[in-house]
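As structure tokens, the structure follows; a few thoughts come after it.
The values are calculated or read from the model by the stated rules, or taken from the named source; none is laboratory data. Bear in mind that the values here come from a model prediction, so they are computed numbers and not experimental data. Please note: Cβ atoms are built from the backbone with ideal geometry, for glycine as well, and neighbour counts cover all protein chains shown.
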Amino acid sequence: MTDSHTRLNLSAGIASVSVALLLIALKLWGLAMTGALSMAASLVDNALDLLVSAGALVAIVYAARPADEDHAFGHTSAEDLAALFQSLVVMGSAAVIATFATLRLLAETPARLQAEGAGIVVMLLSIVLTGALVLWQRHVARRTGNRVVAADSLHYLSDLIPAIGTLVALWVSAQWGVGHVDSAVALAAAAWLAWNGGKIGVGAWHALMDRSAPPEVLDRIGTITKDWPGLRGWHDLRTRTAGSRLFISIHVEIEGALSLNEAHAIADGLEHALRNAFPDAWVIIHTDPVGPGSGRESKG
């Protein structure tokens, strides 16, 4: 990774954390002014953003560091531990928001929102800041190909939907004094938070348990390998993920009569092809000689 790419990735990570902190401060003030549960749901979502963005920033910093003697494969599993903790916090927060929203919906005299105008200003600023951040992150991701920045960009892009819902709830309350819309939006946002928190948790758990990469990744590895020039076959493909890094281990079968330099060139070319297809992947290729005089025959 070049220094310019590292600087761009770091700028995207720092911008992400900074925007999350600013949005949290704005929405804490907006929640105190309006008492809107949909604002509280959006605030919790931004707290998740801060955790995710901080983890992404740490991942970017760690990606620029080489592995050390105690961590020969790097430190990316720390991302999964943090993500598992994040998912539990998010799902717990979603349950609390859903409970309060349900109680408001069932109340005979639902609470009126206050200072909707201030809340609307907060949400408009939130939407503008989030949109600007997404545009910058996408620019960086296109320039550097960093998957952490790209994933963080998608996460912030998805935040625009509940933010717009909160804006609508505040506007309806200001125009017609209808507070139930706020509770309904809060319930929908809580369900969205719980769903996404659960997905993050499941993904982190699978990574910590060394689950194989998704089927589409395995298929792509197989497609690249089976057509690679000089290979007589391949077997024992093993994969796992740790944080944002993919680990690939594969045995390839090469004609035993070839010289060591020729066999190494074939395997080395395949290694580079896999790394081009999966940036930052850790690829280990074991070569097995096959054919006459090698002691074994190709499996095809």
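The table below lists the values:
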{"item": "Residue that is modelled with the lowest pLDDT, among those in the stretch 125-182 that are in contact with a helix residue (DSSP H, G or I) (Cβ under 7 Å, 6 or more places away or on another chain) and not in a helix (DSSP H, G or I)", "result": "Gly179"}
{"item": "Looking only at the stretch 218-240, and only at residues there that are β-branched (Val, Ile, Thr) and out of contact with any strand residue (DSSP E or B) (no Cβ under 7 Å at 6 or more places or on another chain), the one that is nearest to Asp280 (Cα to Cα)", "result": "Ile224"}
{"item": "Answer from Ala56, Ala82, Ala12, Ala78 - the residue that is within 23 Å of Pro279 (Cα to Cα), within 15 Å of the chain's Cα centre (by Cα) and at pLDDT 75 or above", "result": "Ala12"}
{"item": "Candidates Leu37, Leu43, filtered to the one that is at pLDDT below 75, among the hydrophobic types (A, V, I, L, M, F, W, C), under 13 Å from Thr166 (Cα atoms) and in the same structural domain as Ala188 (by TED's automatic domain parsing)", "result": "Leu37"}
{"item": "Test: residue in the stretch 215-234 that is assigned to a helix (DSSP H, G or I), surrounded by fewer than 15 Cβ atoms within 10 Å (Cβ to Cβ) and touching an Asp or Glu at 6+ places or on another chain (Cβ under 9 Å)", "result": "no"}
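Yes/no matrix, rows are residues, columns are (1) among the charged types (D, E, K, R); (2) in a helix (DSSP H, G or I); (3) touching a Ser or Thr at 6+ places or on another chain (Cβ under 8 Å); (4) crowded, with 18+ Cβ neighbours inside 10 Å:
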| residue | (1), (2), (3), (4) |
| --- | --- |
| Val185 | no, yes, yes, yes |
| Ala189 | no, yes, yes, yes |
| Gly198 | no, yes, yes, no |
| Ala204 | no, yes, yes, yes |
| Arg211 | yes, no, yes, no |
| Leu237 | no, no, yes, no |
